[in-house]
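Just so you know, all these numbers are worked out from the coordinates, no wet-lab data involved. From a predicted model like this one, the values you see are computed outputs, not experimental measurements. No Cβ is skipped: glycine too gets one built from the backbone with ideal geometry, and neighbour counts run over all protein chains shown.
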Amino acid sequence: MNRDILMPVCFYLRNFNNYQSLDVPASTNGNLTLIGENAAGKTTLANCFFPMLVDGSIATPSFNPAKGTKGLDKSTSRNSSNDSRTFEGMLLGWGIGAMKVRTGYSYMLLKSRDRQVILGIGAHRAVGDKRKPTWWFAAISENIEDKLTVETTDKNGRSLEKDEFIDVNGSIDADFEVFSSVGDYQKYVSDKVYGFVDVRHLHQLAVTCRLLASPILTAGNASITPILDAMKNAQ
């Protein structure tokens, strides 16, 4: 099992949700704190990263406010197509500013004493189109002196489509992999990034992030038992 501790360094959105380009740096200990008034969009922004980027799942309750913590950890693969907040909605945005068609990226950079890792998702969505191209990617580098980066847009800020993205980043100084299925991505990340012997441990980690992000929990009126159980299992 990998013993190096990967800490989040920065979170990135490119043409995703309400943001054309957003970099959110973490503190030196890897923590990220979002502060704002009610309905300012804190949970919505957090959902752009967690737990989606942990296990790559885009069909989970992470995009929907939890009505309660009981049983939430058993809903890791629920299809959210009938819910108001879906991955497509997160990508295209809501209201008068919503896009009809868009390609966007959400990804994060992590770093330890021995390596740097980028984990992310790229996707193309068009309203009414049954095709829903999605690709997952990971870059791992043992060069910790130079900041690890990937190119997701061109010089005009237009998001790169999948083939363009692969071509542009094919020569970066890292082990760079792009996946067309979330299952393949999860197996790779579970083994190569987190050092888990079983991909189910990756899902448990995502469950913990999902529970910790529950609005019911942050409102202070939920039982913490499922949270403690999830954290124990994730450990």
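For the residue pairs 100/147; 130/162; 42/192; 130/187; 111/192, alpha carbon separations beyond 25 Å are given by 100/147; 42/192; 130/187. Summing Lys and Arg as +1 and Asp and Glu as -1 over all other residues whose Cβ lies under 9 Å from the Cβ of residue 92 gives a net charge of +2.
A dipole drawn for segment 92-172 from +1 and -1 charges on Cβ atoms has a positive end, and of 152, 105, 118 the residue lying farthest that way is 105.
For segment 152-198, GluC sites (Glu not before Pro) meeting the loop criterion (DSSP other than H, G, I, E, B) and having at most 15 other Cβ atoms within 10 Å: 161.
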